[in-house]
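Contents: one structure, followed by commentary.
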Amino acid sequence: MTFPFDPEERGPLADPVGSGPVRRPAPYPVRPPPPQRPGPWRTVLIATLAATVASAVTALAFIWLGGDGGAAAHVTILERVETRIVDPADSPSTAAAVAQAVLPAIVTVEVSEGAGETFVASSSGSGVVLDTAGLLVTNAHVVEGAAEVRVVFFDGRVYDAEVLGTDTLTDLAVLGIEAVGLTPITLGASSDLAIGDTAIAVGSPLGLGGGPSVTVGVLSALERRVRTGADFELFGMLQTDAPITRGSSGGALVDTQGRLIGITTAIGVSDVGAEGLGFAIPVELVTRVTDDIIAGGSTRHAFLGITGDTFFAREADGALAPSGVVVGTIIEDSAAEAAGLEPGDLILSFDGTGVTTMEGLIVALRLYRVGDTVTFSIERAGEVSDLPIELLERPEGI
C-alpha cells in the first residue's frame, strides 16, 4: 500500500490516541543523489489514540523505516491515551508528588455527536488546562465531528466546553470553559530532556470515572515520524514507554517536576496487542499552535516549498553520515522559489542550527511562523553561501 507524498515534506527520495467506552538513505557525493537502492521496507501501522466510546475507529498508519533486508512487520495503531503504574526505577514519592501537582489540570473530554436536550457522550478523550481563565488543549481528533463537548475534572465537576479552534496538521485543538479557580499545568521543555529521562503520562483511560490515571516510564526516543492515516503524518514526536491506552488522547506527558513536555496522541499496536510505544506532540509545538488558535481561532503554517532528501557524506573511515538536505524540486510560487533556491542545492544549516536530515528540517521549521525570515546556509557547486528566505504560508491541500 502506498500513500501520496507531501511535496513539502517528502521528496521522491525521502524515507519516509482516543477512544474507549465512555463511563465516567545512503549518500553519494553528487547532488541530487541517485535513487535509493531497491530493498524491502519495514511497514509499521500506527493508530491514533482516538476518542470514541463503544466503537473506537482505528486509523491505520504506516511509518516507513528504511532498511535493506529487513522483514516487514505489520503494526496497527489505536486511538487516544493514558493508565496507572509506578516504575521501580522511580521512587513512589516522585510519582505521587507529580500526580498531586498534575491531576487538577487534567480533564476527561466527552463528545456528543448529536445535539439534544440530554447530553449523551458518544466518545471521550483527555485534555489539559492551560490557564486559570478556562482554556484547555486536547487533540483535534478527539473533538472532530462534535456537536457538543463537555469536560469533567478529577473532583467530578462538569463544564460545557466550546471548541475555539482546531489544527488537523498538528492534531491539536483548544477548548474554552466558563470556570474560575482552575489549576493550569506548568509548561516544561522537551528540548531539555534526554533519552532515558523519566516521563509520566496522565490521562483519562477508557473514559473511566474517578479521575485521571498516572503511568510512569521513560522518554524512549525523540523526533519520531508517525503516520496515522493514509495521508496524514505527525513529525517530531516524543516516544515513551509509559503505559498508555485508549481514552487518553489529549492527555499530558510530564517530567519529574510535573511540567508538561508533550500532549499524548498515538500508540503503536501490532497483531498481538500494544507494543509499548506511545507518542506525544512536543510542548514547544503545542505552545506555538495553541497560542495562534487562542489569538485568532486558527494557525498558519510556515512553508519553505521544496521536496528533498537527506544527503549522506562519506567519512574518513568509510561510514556514510547524514549531513544535510539535498533539494529535489522547488514548489511553484513558494518561499524557496522566491528566494532563488535551486534543485541540487545542499542545505547545511539555518539560523545557526545544523541540518542533517529532511525530517529534522521539517520539525525545526514548524516552530517558525509565516513571515519569519530564516537564513539558510547553502552549498552550491562546491561553494557555501547564506541565503535569507522569508517563509510563506503552507498552501491548502499540501
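Per this entry, ALA302 is counted among residues that are surrounded by 14 or more Cβ atoms within 10 Å (Cβ to Cβ) and modelled with pLDDT under 95. Pairs linking a residue in the stretch 313-329 that is of a type in the set (Phe, Trp, Tyr) and modelled with pLDDT of 95 or more to a residue that is surrounded by fewer than 14 Cβ atoms within 10 Å (Cβ to Cβ) and not in a strand (DSSP E or B), with Cβ atoms under 6 Å and 6 or more positions apart or on different chains, do not occur. Taken as a whole, the condition of being within 20 Å of the chain's Cα centre (by Cα), surrounded by fewer than 22 Cβ atoms within 10 Å (Cβ to Cβ) and part of a strand (DSSP E or B) applies to ALA221. Within the stretch 155-163, can one find any residue that is of a type outside the set (Lys, Arg) and in a loop (DSSP other than H, G, I, E, B)? Within the stretch 155-163, one or more residues are of a type outside the set (Lys, Arg) and in a loop (DSSP other than H, G, I, E, B).
In the stretch 138-151 there is at least one residue matching the filter, namely being closer than 13 Å to PRO212 by Cα, buried (at least 16 other Cβ atoms within 10 Å of the Cβ), assigned by TED's automatic domain parsing to the domain that holds SER249 and more than 20 Å from the chain's Cα centre (by Cα).
The values are calculated or read from the model by the stated rules, or taken from the named source; none is laboratory data. Quick caveat, the model's predicted, so the values are computed rather than measured. No Cβ is skipped: glycine too gets one built from the backbone with ideal geometry, and neighbour counts run over all protein chains shown.
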